[in-house]
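What follows is a single structure, written as C-alpha cells, with notes after it.
The values are calculated or read from the model by the stated rules, or taken from the named source; none is laboratory data. None of these values were measured; they are calculated from a predicted model. Quick reminder, even Gly has a Cβ in these numbers, built from the backbone with ideal geometry, and neighbours come from all protein chains shown.
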Amino acid sequence: DVKVTQSSRYLVKRTGEKVFLECVQDMDHENMFWYRQDPGLGLRLIYFSYDVKMKEKGDIPEGYSVSREKKERFSLILESASTNQTSMYLCASSLWGRANEKLFFGSGTQLSVL
Amino acid sequence: DAKTTQPNSMESNEEEPVHLPCNHSTISGTDYIHWYRQLPSQGPEYVIHGLTSNVNNRMASLAIAEDRKSSTLILHRATLRDAAVYYCILEYGNKLVFGAGTILRVKS
C-alpha cells in the first residue's frame with residue numbers, strides 16, 4: 001500500500017515563526033498536494049507539484065510556499081506564521097497528472113499558531 | 001469551477017443500505033466524479049470514481065444519472081466503521097476540489 005507520511009501529528013508555533021511541514025511518499029508518485037482543512041470549509045488546495053522542482057498554486061496559496069527538491073518529498077513552508085493559519089494540513093500524492101487517478105492522503109498535521 | 005452539492009448530514013441504521021446523493025449540475029463532459037471519505041482523525045481515503053457508467057468495487061457502488069448532473073454513492077450494508085464524512089468531488093483543472101461533504105452517522 002502507498003504510504004504518505006507527515007512528519008508531525010501536532011505542532012504548536014508562535015506568530016511570526018517560520019514553519020516547515022514535511023511530507024514523504026514511498027510509491028514514486030509524480031504528483032503531490034498540500035491541502036488545509038477547516039471546519040465547515042472542507043479541504044482547500046494550497047499548492048501542488050507535478051514534478052521535482054515544479055510547483056503550481058492552488059486555490060489559497062497566499063502566505064505559503066513549497067519546496068520539492070526530491071520526488072518523494074514535498075514541503076510546505078509558512079514564511080511567517082499567523083493565527084489564521086491555525087488548521088489541519090493534509091498532504092496527498094497520486095501517480096499521474098490526470099485527476100482520475102486516486103489521491104493517497106497522509107494522516108494530517110494539526111498546526112496551532114499562538 | 002465545477003461544484004457539488006451534498007446534504008450536510010445523514011443517518012443510517014447498521015446493516016442497512018445507505019444512499020448518499022450528490023448534485024453536480026455544472027459538470028462538464030470530461031469530468032470524473034470522485035468519492036472520498038474521511039474517518040475521524042484520519043486523512044481522506046479513496047472510495048470510488050466514475051465517468052458515465054455505474055461503477056462497483058468492494059467498498060461501494062456509484063450510480064450516475066444519465067444526464068450526469070447527479071450521482072449517488074451506495075453503501076450496501078452500513079457498519080459502524082462507515083461513519084465518516086463523505087465527499088463528492090469533481091475535477092477542476094486536473095485538481096480535486098473538495099466541498100464540505102456529508103457527515104454519515106450510523107446507529108447500532
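Details
- Scope segment B:32-58; condition within 26 Å of A:Cys91 (Cβ to Cβ), within 11 Å of chain A (Cβ to nearest Cβ) and assigned to a loop (DSSP other than H, G, I, E, B); matching residues: B:Tyr32, B:Leu39, B:Ser41, B:Gln42, B:Gly43, B:Pro44
- Subset of segment A:4-22 [more than 20 Å from A:Glu62 (Cβ to Cβ) and in contact with a Phe, Trp or Tyr (Cβ under 7 Å, 6 or more places away or on another chain)]: A:Val4
Okay, residues lined up against (1) farther than 20 Å from B:Thr4 by Cβ; (2) among the polar types (S, T, N, Q); (3) touching a Pro at 6+ places or on another chain (Cβ under 7 Å); (4) in a helix (DSSP H, G or I):
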site	(1), (2), (3), (4)
B:Thr72	no, yes, yes, no
B:Arg77	yes, no, yes, no
B:Arg81	yes, no, no, yes
B:Tyr87	no, no, yes, no
B:Ala100	no, no, no, no
B:Arg105	yes, no, no, no
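- B:Ala65 passes every criterion in (1) aliphatic (A, V, I, L, M); (2) more than 14 Å from chain A (Cβ to nearest Cβ); (3) touching a Lys or Arg at 6+ places or on another chain (Cβ under 9 Å) apart from (3).
- For segment A:1-24, a residue qualifies if it is modelled with pLDDT of 95 or more and not hydrophobic (A, V, I, L, M, F, W, C), and the qualifying residues are A:Thr5, A:Gln6, A:Tyr10, A:Lys13, A:Arg14, A:Thr15, A:Gly16, A:Glu17, A:Lys18, A:Glu22.
- Selected residue [within 14 Å of chain A (Cβ to nearest Cβ), in contact with a strand residue (DSSP E or B) (Cβ under 8 Å, 6 or more places away or on another chain) and small (Gly, Ala, Ser)] from B:Gly101, B:Gly29: B:Gly101
- Among residues of segment A:1-29, those that are surrounded by 14 or more Cβ atoms within 10 Å (Cβ to Cβ), within 12 Å of another protein chain (Cβ to nearest Cβ) and assigned to a loop (DSSP other than H, G, I, E, B), counted: 1
- Unique residue being within 14 Å of chain B (Cβ to nearest Cβ) and polar (S, T, N, Q) when the list is A:Ser80, A:Ser94, A:Ser67: A:Ser94
- Considering the conditions (1) under 30 Å from B:Asn8 (Cα atoms); (2) part of a strand (DSSP E or B); (3) of a type outside the set (Asp, Glu), A:Ser67 is excluded by exactly one of them, (1).
- Test: residue in segment A:37-59 that is basic (Lys, Arg) and modelled with pLDDT of 95 or more: no
- Picking from residues in segment A:70-101 that are crowded, with 17+ Cβ neighbours inside 10 Å and modelled with pLDDT under 90, the one that is farthest from the chain's Cα centre (by Cα) is A:Asn100.
- Single residue of segment B:51-68 satisfying the filter (closer than 15 Å to B:Leu20 by Cα and touching a residue at least 24 places away in the same chain (Cβ under 8 Å)) that is surrounded by the most Cβ atoms within 10 Å (Cβ to Cβ): B:Leu62
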